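**Student:** Below you will find the structure I want to go over with you.
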Amino acid sequence: MKVKLQRAAATLLAIVFDIAIISGVFAQDAPPPRPIDKSKYSPYPQQNFPNRVYFGDTHLHTSYSTDAGMIGCTRGPDEAYRFALGDTVTSSTGLPARLKRPYEFLVVSDHAENLGLAPAIAESNLELLKTEFGKRVHDLVKAGRGLEAYDAWGTAVTKGEDPLKGNHALARSMWSRINTVRDGRAGRHEERPPAALSGHGRVGLFRQIVGELVTDVEGLVRPTSPFADLKRASHDVVWLEPRLVAEVSYSGLMEDRLRDPVLRELRVT
């Protein structure tokens, strides 16, 4: 028994010795850890691609789009912008909803065809009720036959017909509401990227809708460059009188361009 214990002890000692040797070899062969490089380098100077990523939605419909508002969507542009900004809103299903991370941008892309028909029906809009078609779809919806009303509208549009043709007062009313929403929250979330929300607050280029911007610059177009030291451009351009002011923030100056430019506002002086 004593001999067996001695052999076992010798075997265990040999194993421990071998492990120690192997561990020593590994420790000796491993390269020393590199010191942490805390140097800061400038961005690659020749980069010519965007590297500021923003998150948002480029195609959103609200109740003002007839093919959304007449089949269950009850939330309008105001709720859409508030939701994008991170507010809690009540969804069309009645449940509270909020984004985990607010959007940097949002495009409300409601259809122009009979814009705001569903909200007009819901509120029994007087301008809508002046038309035969408007009264018919209104009465269908109020009688709980909303899908029939939607089918009637869809059938007319499929044929290329405008069922509310000539009712300009209703169209102007709905468009005015959208403009009010667009301008109604000036100054909100200015700490967020401003070239973002086509609606609430300081919204960079989208502070004016494209149509308004085009109207503003129409009278500024000229055939030649207004700058004495810039007679030609490297590509086709439309020259304007120097009254269109772009306010831009940037992270640095490069030889021929701004680094990381962000358009903050575009205005006519």
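The values are calculated or read from the model by the stated rules, or taken from the named source; none is laboratory data. This structure is a prediction, so every number in the text was calculated from the model and none was measured. Note: ideal-geometry Cβ built from the backbone for every residue, glycine included; neighbour counts use all protein chains shown.
**Student:** Here are some residues: 118, 112. Which one is small (Gly, Ala, Ser) and not in a loop (DSSP other than H, G, I, E, B)?
**Tutor:** Within the list 118, 112, the selection yields 118.
**Student:** Here's a follow-up. On the given criteria, is residue 105 within 18 Å of the chain's Cα centre (by Cα) and either more than 27 Å from residue 262 (Cβ to Cβ) or in the same structural domain as residue 170 (by TED's automatic domain parsing) (or both)?
**Tutor:** Working: within 18 Å of the chain's Cα centre (by Cα): yes; either more than 27 Å from residue 262 (Cβ to Cβ) or in the same structural domain as residue 170 (by TED's automatic domain parsing) (or both): yes.
When the stated conditions are applied, residue 105 passes them.
**Student:** Of the conditions (1) among the hydrophobic types (A, V, I, L, M, F, W, C); (2) part of a helix (DSSP H, G or I); (3) modelled with pLDDT of 75 or more, residue 71 fails just one. Which one is it?
**Tutor:** Of everything listed in (1) among the hydrophobic types (A, V, I, L, M, F, W, C); (2) part of a helix (DSSP H, G or I); (3) modelled with pLDDT of 75 or more, residue 71 misses just condition (2).
**Student:** When you check residue 156 against the structure, is it surrounded by 15 or more Cβ atoms within 10 Å (Cβ to Cβ), within 34 Å of the chain's Cα centre (by Cα) and not polar (S, T, N, Q), yes or no?
**Tutor:** Values: surrounded by 15 or more Cβ atoms within 10 Å (Cβ to Cβ): yes; within 34 Å of the chain's Cα centre (by Cα): yes; not polar (S, T, N, Q): yes.
Yes: the conditions hold for residue 156.
**Student:** Here is a further query. Collect the residues in segment 116-131 that are in contact with a Leu (Cβ under 9 Å, 6 or more places away or on another chain) and either surrounded by 17 or more Cβ atoms within 10 Å (Cβ to Cβ) or without any contact (Cβ under 8 Å) to a residue 12 or more places away in the chain (or both), keeping them in residue-number order. Steps first, answer last, please.
**Tutor:** If we filter segment 116-131 for residues that are in contact with a Leu (Cβ under 9 Å, 6 or more places away or on another chain), which is where we start, we get 116-117, 120-121, 125, 127-128, 130-131.
Within segment 116-131, 116, 117, 120, 121, 125, 127, 128, 131 meet the criteria.
**Student:** Please go through (1) within 18 Å of the chain's Cα centre (by Cα); (2) free of Cβ contacts under 8 Å to residues at least 60 places away in the same chain for residue 94 and return the number of the only condition it doesn't satisfy.
**Tutor:** All conditions pass for residue 94, except number (1).
**Student:** Determine whether segment 125-135 contains at least one residue that is in contact with a Gly (Cβ under 9 Å, 6 or more places away or on another chain), modelled with pLDDT of 90 or more, of a type outside the set (S, T, N, Q) and in a helix (DSSP H, G or I). Break it down stepwise before answering.
**Tutor:** Going residue by residue through segment 125-135, those that are in contact with a Gly (Cβ under 9 Å, 6 or more places away or on another chain) are 125, 127-128, 131.
Those still in the list that are modelled with pLDDT of 90 or more too: 125, 127-128, 131.
Next, from what is left, pick out any that are of a type outside the set (S, T, N, Q): 127-128.
Still in the running and in a helix (DSSP H, G or I): 127-128.
Scanning segment 125-135 turns up at least one residue that is in contact with a Gly (Cβ under 9 Å, 6 or more places away or on another chain), modelled with pLDDT of 90 or more, of a type outside the set (S, T, N, Q) and in a helix (DSSP H, G or I).
**Student:** Ok, one more. Of all residues in segment 74-102 being aliphatic (A, V, I, L, M) and in a loop (DSSP other than H, G, I, E, B), which is surrounded by the most Cβ atoms within 10 Å (Cβ to Cβ)?
**Tutor:** Going residue by residue through segment 74-102, those that are aliphatic (A, V, I, L, M) are 80, 84-85, 89, 95, 97, 99.
Restricting the remaining residues to those that are in a loop (DSSP other than H, G, I, E, B) gives 85, 95, 99.
Details: 85: 21, 95: 8, 99: 14.
Ranking the qualifying residues of segment 74-102, first place goes to 85.
**Student:** Do we find that residue 171 is of a type in the set (A, V, I, L, M), under 25 Å from residue 80 (Cα atoms) and part of a helix (DSSP H, G or I) in this structure? Steps first, answer last, please.
**Tutor:** On the way: of a type in the set (A, V, I, L, M): yes; under 25 Å from residue 80 (Cα atoms): yes; part of a helix (DSSP H, G or I): yes.
So residue 171 passes the test.
**Student:** Identify, by number, the condition in (1) within 26 Å of residue 179 (Cα to Cα); (2) in a loop (DSSP other than H, G, I, E, B); (3) of a type outside the set (Val, Ile, Thr) that residue 46 doesn't meet.
**Tutor:** Of the numbered conditions (1) within 26 Å of residue 179 (Cα to Cα); (2) in a loop (DSSP other than H, G, I, E, B); (3) of a type outside the set (Val, Ile, Thr), the odd one out for residue 46 is (1).
**Student:** Please verify whether residue 46 is outside the structural domain of residue 176 (by TED's automatic domain parsing), surrounded by fewer than 10 Cβ atoms within 10 Å (Cβ to Cβ) and at pLDDT 70 or above, treating the condition exactly as stated.
**Tutor:** Values: outside the structural domain of residue 176 (by TED's automatic domain parsing): yes; surrounded by fewer than 10 Cβ atoms within 10 Å (Cβ to Cβ): yes; at pLDDT 70 or above: yes.
The answer is yes for residue 46.
**Student:** Looking at residue 137, is it crowded, with 17+ Cβ neighbours inside 10 Å and under 32 Å from the mean Cα position of the chain (by Cα)? Break it down stepwise before answering.
**Tutor:** Details: crowded, with 17+ Cβ neighbours inside 10 Å: yes; under 32 Å from the mean Cα position of the chain (by Cα): no.
When the stated conditions are applied, residue 137 does not pass them.
**Student:** Among the candidates 237, 217, single out the residue that is in a loop (DSSP other than H, G, I, E, B) and at pLDDT below 70. Give the steps one after another, and end with the answer.
**Tutor:** Details: 217 fails: in a loop (DSSP other than H, G, I, E, B).
Being in a loop (DSSP other than H, G, I, E, B) and at pLDDT below 70 holds for just one of 237, 217, which is 237.
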